[in-house]
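Contents: one structure, followed by commentary.
The values are calculated or read from the model by the stated rules, or taken from the named source; none is laboratory data. Predicted model, so just to flag it, every value in this text is computed and none were measured. Counting neighbours? That spans all protein chains shown, and the Cβs are built from the backbone with ideal geometry, glycine included. Note: accessible area is taken over every heavy atom of the protein model, side chains too, but ligands, DNA and RNA are not part of it. Shrake-Rupley method; radii C 1.70, N 1.55, O 1.52, S 1.80 Å.
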Amino acid sequence: MNKPVRRIAIFCGLLILALMVRDNWIQFVQADELKANKHNRRVTIARYSQPRGNIIVDGQAITGSQETGGIDFKFKRTYKNGEMWAPVTGYSSQVFDANQIEKLEDKVLTGDDDRLFFNRTVDMITGKGKKGGDVITTLNAKAQEAAFKGLGKSKGAVAAIDPRTGKILALASTPSYDPSTIAGAQDDKAWKELQADKNQPMLNRALKQTYPPGSTFKVVTAAAALENGLYKDVDAKTDSPLPWILPDTRVELQNEGNIPCKDASLRVALQWSCNTVFGKVSADLGNKKMIDQANKFGFNKPVDTPVRAVPSVFPKDNRPQNAMAGIGQASNRVTPLQMAMVAAAVANNGKLMEPYMVDKLRAPNLNVIEHHTPKEMGQPVSAENARKLQSIMETVVEKGTGTAAQIDNVKVGGKTGTAQHGVDNSGNPYAWFISYAKTGNGSPVAVAVVIESSETIRDDIAGGKLAAPVAKSVMQAVLSTEK
Amino acid sequence: MSAISPMPNTTNTTTISTAGAPSRRNTELALLAFAVLIPCFAYANVGLAMDGEMPSGLLGYGVGLGLMAGVGHLVVRKFAKYADPLLLPLATLLNGIGLVIIWRLDQSPRLQARKFFTASATNQLMFSALGIALFVAVLIVLKDHRILQRYTYISMVAALILLVAPMFFPAKFGARIWITIPGLGSIQPGEFAKIVLSIFFAGYLMVKRDALALASRRFMGLYLPRGRDLGPILAVWAFSILILVFETDLGTSLLFFGMFVVMLYVATERTSWIVFGLLMSAVGAVAVSTFEHHVQQRVDAWLHPFDAFKDGSSDQIAQALMAFGSGGVFGTGWGQGHSDLIGFAANSDFILATVGEELGLAGVMAILLVYGLIVERGVRTALAARDPFGKLLATGLSGAFAIQVFVVAGGVMGLIPLTGMTMPFMAQGGSSVIANWALIAVLIKISDTARRPAPAPAPSPDAEMTQVVRP
């Protein structure tokens with residue numbers, strides 16, 4: 001009877017072995033996956049078991065932590081002036097995860113980053129709790145405030161960058177939300193309301209929303225004309241008949257009002273925002289060259305700031321659509337950040353710097369563990385052509401559609417835009433303004449403003465009337481801190 | 001293992017040695033010291049981790065566990081001198097660690113915030129003491145395990161009553177495996193039935209084994225039993241299915257059927273029984289799970305544990321898996337995990353998840369090894385036993401123990417569908433710990449008889465290896 005007993009012993013051994021193999025599977029092979037599972041509340045429990053590190057602007061924390069006394073989460077995230085800063089910080093919620101910087105730099109903020117290993121170990125030995133590191137941003141508090149206040153109650157977004165480095169100085173989106181309201185464990189109601197809100201307060205319009213660029217795109221078209229040698233002199237007459245028929249169609253392209261567009265020079269055409277001139281430039285260059293120029297400015301690929309900005313697009317299209325795209329009224333769409341990059345590249349003498357908003361990561365003991373160095377993304381236009389573009393953009397502000405952006409004693413270049421949209425252009429147009437300011441020290445700021453619901457005005461002046469003043473106050477805010 | 005093997009010649013287990021094996025009682029005592037010390041360290045560790053100070057109950061706990069182990073040891077020394085020296089320390093270790101985990105989960109604010117929360121550690125300590133008392137009683141009262149053979153059919157009736165009774169009591173948590181006595185609490189008769197039933201199977205199969213083994217036809221390399229010999233296995237199978245249907249408990253059903261097949265195989269030495277058994281349990285399980293809603297739910301929860309977050313069903317398995325995963329290789333340390341997120345039954349059915357999270361892969365492997373060792377010592381006892389009844393009984397008990405560990409741990413780790421059984425010795429629950437102490441007592445008694453030096457001649461007829469087939 002011993003033979004079967006021995007076999008039973010083997011069978012029992014196999015049962016235990018199966019358990020051991022399974023245990024290795026879930027505790028070793030799958031461990032990391034299970035640890036990071038989105039339903040695993042340990043992640044959140046750990047995240048809020050000590051005060052989070054802060055997100056810092058101009059040396060001041062714009063976030064904070066508050067003790068809750070709850071069982072699961074000892075601390076809760078708080079935000080100072082949350083609505084204004086939401087497009088920068090994102091939110092960090094005990095229930096609904098996190099996004100933007102709060103999510104991307106979570107490891108540093110919670111103190112779990114590998115580079116904080118030494119700090120953690122020292123703290124553990126000395127019996128101190130784990131501490132989170134800080135994220136120091138490139139933002140400029142005054143510029144942000146100017147942008148947020150300037151947008152006011154209207155729906156829109158502002159992106160401002162330092163053309164010399166790519167530092168993001170302002171990133172505003174309205175209507176906004178206060179991340180504090182969804183930070184806690186019992187904020188389901190507030191969360192659902194935000195999600196259901198038709199105005200999408202949680203949408204970061206500056207990075208995540210694309211708009212038809214309208215006439216602001218003419219800057220890109222002008223750049224393409226110069227770069228491809230279609231026109232060399234911005235003050236020479238162009239070959240621009242009036243009326244002008246869109247290629248392959250019988251449709252006459254209209255200008256906004258009775259403006260001097262026939263054979264107008266690029267300077268005059270930009271000054272008055274001539275659709276016919278730039279439509280024809282785009283048609284003459286063809287779809288491929290236009291796409292190439294747009295891509296050089298950063299179109300058709302996402303930009304990680306590190307918060308990802310969705311790609312602005314300039315797609316392949318047929319001839320009439322391509323001509324319309326040249327005036328920003330076809331299938332090309334842009335984020336406000338992208339248009340700020342266009343203005344910035346022109347202002348920085350053609351050199352496009354990669355936009356970024358996290359300047360430094362700082363350990364709890366104030367050691368800097370990462371310092372972002374500005375990176376060049378490319379040279380969309382030559383320095384010579386950039387200067388020509390600056391000159392004609394400055395004319396726009398001096399005596400064209402963008403006079404509202406003038407600043408005393410400072411050279412400002414800009415471009416207005418009013419993008420039609422909706423079926424038969426029935427929707428309220430988007431008012432655009434892109435601009436830069438120049439001092440003896442190069443250009444410290446380029447800005448793009450878009451305002452969605454400009455109720456009454458439907459002509460090209462909309463951009464100049466609604467968006468330009470916002471751009472102006474943002475530029476002034478930056479200039480005031482520059483000195 | 002060689003250090004524990006009583007003698008170099010132990011492989012020759014059926015030979016009756018007159019030389020007299022060493023009793024190994026001092027080995028047992030030394031091991032017991034470890035088995036008491038380790039849980040005490042664990043207890044201190046929990047207190048230090050959770051409150052930052054030595055727990056005030058440490059002395060009481062240490063003394064209590066020490067006393068239990070001491071009494072157990074003294075009784076073994078007196079009444080089962082040649083018993084296997086590992087069984088008692090291993091069971092004590094598991095019991096001790098189980099108590100620490102239950103106490104640790106009692107401290108969890110998250111569990112304390114639940115409705116119907118009661119601290120269980122004190123009760124469990126009392127149940128463990130009752131378990132040891134039963135252990136002592138079995139050792140003292142049961143002079144020789146062969147006496148049990150006389151109660152073969154009484155055991156059958158007792159087992160039937162124990163198994164059927166829960167059907168008349170209300171279902172708890174979706175399974176009818178409890179007998180609820182208002183005011184006193186509830187007991188899980190299945191745990192006791194396990195022992196009583198193995199006595200019946202051993203007694204029955206010892207008598208019938210030749211008929212079952214010899215009268216068969218050969219077909220495709222398998223010895224097929226005669227139709228009428230299929231009766232018993234069919235009866236047990238049908239009974240297990242009935243348990244499954246009426247008590248909606250896959251675990252109990254699997255345990256009893258598995259135990260029967262194991263014992264049948266050992267008694268007859270026919271592989272065909274195993275094949276039959278596997279086929280029949282597969283057929284039964286599949287058939288029942290197609291129409292039994294509760295079983296179906298369990299299977300679904302096993303296949304898609306994380307769906308619970310979508311459809312709002314119980315997320316216990318998912319939580320247990322995440323507890324294991326979060327523990328990783330070395331675990332978070334005592335008292336620092338969040339296995340209490342499992343919520344309901346965290347300290348009973350799911351107790352292994354706490355081991356997984358706080359002691360890590362290393363800890364679970366150690367615990368599984370301890371369980372494996374208990375099974376191994378049980379099977380070794382079966383090998384060493386000189387009488388077929390003892391062999392069958394020891395195999396049945398250790399087989400059932402192994403199957404139970406597999407079914408529970410496998411369920412908690414998502415290897416098989418979850419069933420309503422408890423980790424022997426560790427899980428919170430009185431019936432389980434008391435019954436398992438009795439099980440260890442029976443194994444110890446068999447091993448004592450097996451290793452005891454041969455008495456004066458006049459061997460009992462039961463000890464003969466060949467037997468007359470009695471009608």
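The single condition from (1) open to solvent by less than 20 Å² (accessible area, probe 1.4 Å); (2) modelled with pLDDT of 70 or more; (3) among the hydrophobic types (A, V, I, L, M, F, W, C); (4) closer than 29 Å to residue B:382 by Cα that residue B:177 fails is (4). Criterion applied to B:256, B:246 was being aromatic (Phe, Trp, Tyr), away from chain A (no Cβ under 13 Å) and under 24 Å from residue B:402 (Cβ atoms), and the one residue passing it is B:256.
Return a yes/no flag: does segment B:427-446 have any residue that is open to solvent by less than 10 Å² (accessible area, probe 1.4 Å) and within 13 Å of chain A (Cβ to nearest Cβ). Among the residues of segment B:427-446, at least one is open to solvent by less than 10 Å² (accessible area, probe 1.4 Å) and within 13 Å of chain A (Cβ to nearest Cβ), which makes the answer yes.
Taking first residues from segment A:372-394 that are under 22 Å from residue A:215 (Cα atoms) and touching a residue at least 40 places away in the same chain (Cβ under 8 Å) and partners that are of a type in the set (D, E, K, R) and open to solvent by less than 20 Å² (accessible area, probe 1.4 Å), the Cβ contacts under 7 Å between residues at least 6 apart in sequence or on separate chains come to A:393/A:415. The number of residues in segment B:364-378 that are facing chain A (nearest Cβ under 10 Å), of a type in the set (Gly, Ala, Ser) and open to solvent by 10 Å² or more (accessible area, probe 1.4 Å) comes to 1.
Just one of (1) under 18 Å from the mean Cα position of the chain (by Cα); (2) surrounded by fewer than 22 Cβ atoms within 10 Å (Cβ to Cβ) fails for residue A:360. It is (1).
Number of residues in segment B:406-436 that are in contact (Cβ under 8 Å) with a residue 24 or more places away in the chain and over 22 Å from residue B:121 (Cα atoms): the value is 8.
Of the residues making up segment B:254-286, those that are of a type outside the set (A, V, I, L, M, F, W, C) and under 23 Å from the mean Cα position of the chain (by Cα) are B:258, B:265, B:277, B:281.
Let's see how each residue does on (1) at pLDDT below 95; (2) surrounded by 24 or more Cβ atoms within 10 Å (Cβ to Cβ); (3) touching a helix residue (DSSP H, G or I) at 6+ places or on another chain (Cβ under 8 Å):
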| position | (1), (2), (3) |
| --- | --- |
| A:153 | yes, no, no |
| A:159 | no, yes, yes |
| A:163 | no, yes, yes |
| A:167 | no, no, no |
| A:171 | no, yes, yes |
| A:187 | yes, no, yes |
| A:211 | yes, yes, yes |
| A:244 | yes, no, yes |
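Each residue in segment B:326-364 was checked for being in a helix (DSSP H, G or I) and not polar (S, T, N, Q), and 17 of them qualify. For the condition among the polar types (S, T, N, Q) and either touching a Leu at 6+ places or on another chain (Cβ under 8 Å) or open to solvent by less than 50 Å² (accessible area, probe 1.4 Å) (or both), residue B:290 does not qualify. Scanning segment A:63-77 for residues that are without any contact (Cβ under 8 Å) to a residue 40 or more places away in the chain and touching a strand residue (DSSP E or B) at 6+ places or on another chain (Cβ under 9 Å) yields A:63, A:64, A:65, A:66, A:67, A:74, A:75.
Inspection of segment B:287-301 identifies no residue that is closer than 24 Å to residue B:337 by Cβ, within 13 Å of chain A (Cβ to nearest Cβ) and hydrophobic (A, V, I, L, M, F, W, C). Of the numbered criteria (1) modelled with pLDDT under 95; (2) farther than 19 Å from residue A:226 by Cα; (3) not hydrophobic (A, V, I, L, M, F, W, C), the one residue A:275 fails is (2). The test for being at pLDDT 85 or above and either within 14 Å of another protein chain (Cβ to nearest Cβ) or not in a loop (DSSP other than H, G, I, E, B) (or both) holds for residue B:449.
As a summary of the residue check, residue B:313 satisfies the conditions (1) open to solvent by 50 Å² or more (accessible area, probe 1.4 Å); (2) under 25 Å from the mean Cα position of the chain (by Cα) except for the one numbered (2). Residue B:257 meets all of the listed conditions (1) within 30 Å of residue B:209 (Cβ to Cβ); (2) surrounded by 24 or more Cβ atoms within 10 Å (Cβ to Cβ); (3) touching a residue at least 40 places away in the same chain (Cβ under 8 Å) but one, namely (3). Quick one: is residue B:381 among the hydroxyl-bearing types (Ser, Thr, Tyr), open to solvent by less than 20 Å² (accessible area, probe 1.4 Å) and either closer than 22 Å to residue B:316 by Cβ or touching a Phe, Trp or Tyr at 6+ places or on another chain (Cβ under 7 Å) (or both)? No, not satisfied. Filtering segment B:384-413 to residues that are more than 18 Å from residue B:252 (Cα to Cα), open to solvent by 10 Å² or more (accessible area, probe 1.4 Å) and within 10 Å of chain A (Cβ to nearest Cβ) leaves only B:384. For residue B:84, the conditions (1) more than 23 Å from the chain's Cα centre (by Cα); (2) of a type in the set (D, E, K, R); (3) open to solvent by less than 20 Å² (accessible area, probe 1.4 Å) are fulfilled apart from (1). Residues in segment B:435-450 that are under 16 Å from residue B:198 (Cα atoms) and more than 15 Å from the chain's Cα centre (by Cα): B:445, B:446.
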